[in-house]
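Asks: Here you go, one structure.
The values are calculated or read from the model by the stated rules, or taken from the named source; none is laboratory data. Note that the structure is predicted; figures quoted are calculated from it, not measured. Methodologically, a virtual Cβ is constructed for each residue, glycine included, from the backbone with ideal geometry; neighbour enumeration extends over all protein chains shown.
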Amino acid sequence: MKEQEYVEVSDENGVYTGQKVLKSEAHRLGLWHTCVHVWLYNSNGGVLFQKRSSTKDTSPNLWDASVSGHISYGETPIQAALRELYEEIGVRSKESDIVLFFTGKKQKHNIEKNIIDNELYYVFGLETSLGEESFKLQEEEVVGVRYININEISSLLKKEKNTFVGGEQYYDKVISAISNKLS
């Protein structure tokens, strides 16, 4: 059985309330909570995407950020980013290597699965020299990874938008943040 995750409830501006709830309860009740996305990129302009497992509650079988996950109760965003990097793709990193790109919020409701997902997210970047074959994937969550050249992401999203998590504005911000780091 999958271990239950606890998150801390926040208001829609990211101010924590001190209330500890199961992630499943936060999703069932539509409580605001926080998560992290970490984007890995290399000096050649490759941006790492992960393919989510078919067993994921939200966005199964879709391409997503290199790493993503909820911030556990009592954890900081950077601690969550470091934990998720190791859990999902086997990468150990230091706080000083990860850069906060931007923050945002999303509301996504899935009536069939009884999920009201009200999330505030922290988007981080991490430059790496690792090749696709170097990652140790958490099979329950991630079924594959691939680098996509930063100059091809926008056109690929337009052609295959139903195979990616998220919207065009989000990816524009990610591309801009990574481009700034590479220039």
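Asks: Among the residues of region 155-168, write down those that are in a helix (DSSP H, G or I) and either in contact with a strand residue (DSSP E or B) (Cβ under 9 Å, 6 or more places away or on another chain) or at pLDDT 95 or above (or both).
Replies: Within region 155-168, 156, 157, 163 qualify.
Asks: Give region 77-108 a look and list any residue that's out of contact with any Phe, Trp or Tyr (no Cβ under 8 Å at 6 or more places or on another chain) and free of Cβ contacts under 8 Å to residues at least 24 places away in the same chain, or say none.
Replies: 79, 82, 83, 86, 94, 95, 96, 107, listed by residue number.
Asks: Might you check whether a residue that is crowded, with 21+ Cβ neighbours inside 10 Å and not in a strand (DSSP E or B) occurs anywhere in region 108-117?
Replies: No.
Asks: So which residues in region 155-183 are without any contact (Cβ under 8 Å) to a residue 12 or more places away in the chain and hydroxyl-bearing (Ser, Thr, Tyr)?
Replies: Across region 155-183, the qualifying residues are 155, 176, 183.
Asks: Of the residues 24, 66, 72, which is in contact (Cβ under 8 Å) with a residue 24 or more places away in the chain and farther than 22 Å from residue 182 by Cβ?
Replies: Details: 24 fails: in contact (Cβ under 8 Å) with a residue 24 or more places away in the chain; 66 fails: farther than 22 Å from residue 182 by Cβ.
None of the other options fit; the residue is 72.
Asks: Can you tell which of 153, 178, 148, 116 is aliphatic (A, V, I, L, M) and either within 16 Å of the chain's Cα centre (by Cα) or at positive phi (or both)?
Replies: 178
Asks: State whether one or more residues within region 124-135 are in a strand (DSSP E or B), surrounded by fewer than 17 Cβ atoms within 10 Å (Cβ to Cβ) and at pLDDT below 95.
Replies: No, the conditions are met nowhere in region 124-135.
Matching residues to (1) in contact with a helix residue (DSSP H, G or I) (Cβ under 9 Å, 6 or more places away or on another chain); (2) under 25 Å from residue 110 (Cα atoms); (3) at pLDDT below 95; (4) not in a helix (DSSP H, G or I):
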{"position": "43", "(1), (2), (3), (4)": "yes, no, no, yes"}
{"position": "47", "(1), (2), (3), (4)": "yes, no, no, yes"}
{"position": "68", "(1), (2), (3), (4)": "yes, yes, no, yes"}
{"position": "85", "(1), (2), (3), (4)": "no, no, no, no"}
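Asks: Oh, and also: Could you check, for region 87-102, whether at least one of its residues is in contact with a Lys or Arg (Cβ under 6 Å, 6 or more places away or on another chain), closer than 18 Å to residue 133 by Cα and surrounded by fewer than 18 Cβ atoms within 10 Å (Cβ to Cβ)? Spell out how you get there, then give the answer.
Replies: So in region 87-102, the residues in contact with a Lys or Arg (Cβ under 6 Å, 6 or more places away or on another chain) come out as 90, 102.
After this cut, where a residue has to be closer than 18 Å to residue 133 by Cα as well, the list is 90.
After this cut, where a residue has to be surrounded by fewer than 18 Cβ atoms within 10 Å (Cβ to Cβ) as well, the list is 90.
Within region 87-102, one or more residues are in contact with a Lys or Arg (Cβ under 6 Å, 6 or more places away or on another chain), closer than 18 Å to residue 133 by Cα and surrounded by fewer than 18 Cβ atoms within 10 Å (Cβ to Cβ).
Asks: List pairs: first in region 137-154 and closer than 14 Å to residue 42 by Cβ and modelled with pLDDT of 95 or more, second hydroxyl-bearing (Ser, Thr, Tyr) and outside any loop (DSSP other than H, G, I, E, B), Cβ under 6 Å, 6+ apart or cross-chain?
Replies: none
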